[in-house]
Amino acid sequence: MNRITIDALICNGKPVVTGTRITVQTILEFLAAGDTIEDLLAAYPSLTAEDVLACIAFSSRMMSHHYSLLDVA
């Protein structure tokens with residue numbers, strides 16, 4: 001099962017945990033603020049630990065892409 005979905009009609013196309021409207025960004029922001037996986041599971045009972053780990057893995061895959069910065073007028 002793919003735990004992360006991107007759909008233009010859900011949360012403006014942001015990556016979300018499949019079957020929810022919880023964005024990967026939201027999960028990562030909680031973790032960056034110091035919350036634990038257990039904290040997230042308590043705050044979002046529809047999530048599983050595997051969902052949270054999938055968000056981290058998704059973010060890691062995105063960071064492996066090559067990005068170029070362009071000067072704009």
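The values are calculated or read from the model by the stated rules, or taken from the named source; none is laboratory data. Since the model is a prediction, treat every value here as computed from it, not as a measurement. We place every Cβ from the backbone using ideal geometry, glycine too, and count neighbours over all the protein chains shown.
Data table
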| quantity | calculated |
| --- | --- |
| Subset of segment 51-73 (residues that are outside any loop (DSSP other than H, G, I, E, B) and either loosely packed, with under 13 Cβ neighbours inside 10 Å or among the hydrophobic types (A, V, I, L, M, F, W, C) (or both)) | Val52, Leu53, Ala54, Cys55, Ile56, Ala57, Phe58, Ser60, Arg61, Met62, Met63 |
| Conditions (1) crowded, with 17+ Cβ neighbours inside 10 Å; (2) in contact with a Leu (Cβ under 8 Å, 6 or more places away or on another chain); (3) assigned to a helix (DSSP H, G or I); (4) not charged (D, E, K, R): number failed by Leu47 | (3) |
| Residues of segment 17-73 classified as over 15 Å from Arg3 (Cβ atoms) and in contact with a Pro (Cβ under 6 Å, 6 or more places away or on another chain), total | 0 |
| Pairs, first within 19 Å of Met63 (Cα to Cα) and part of a strand (DSSP E or B) in segment 22-42, second at pLDDT 95 or above and of a type in the set (A, V, I, L, M), C-beta under 7 Å, six or more apart | Thr23/Val16 |
| Members of segment 1-46 that are among the polar types (S, T, N, Q) and in contact with a helix residue (DSSP H, G or I) (Cβ under 6 Å, 6 or more places away or on another chain) | Thr23 |
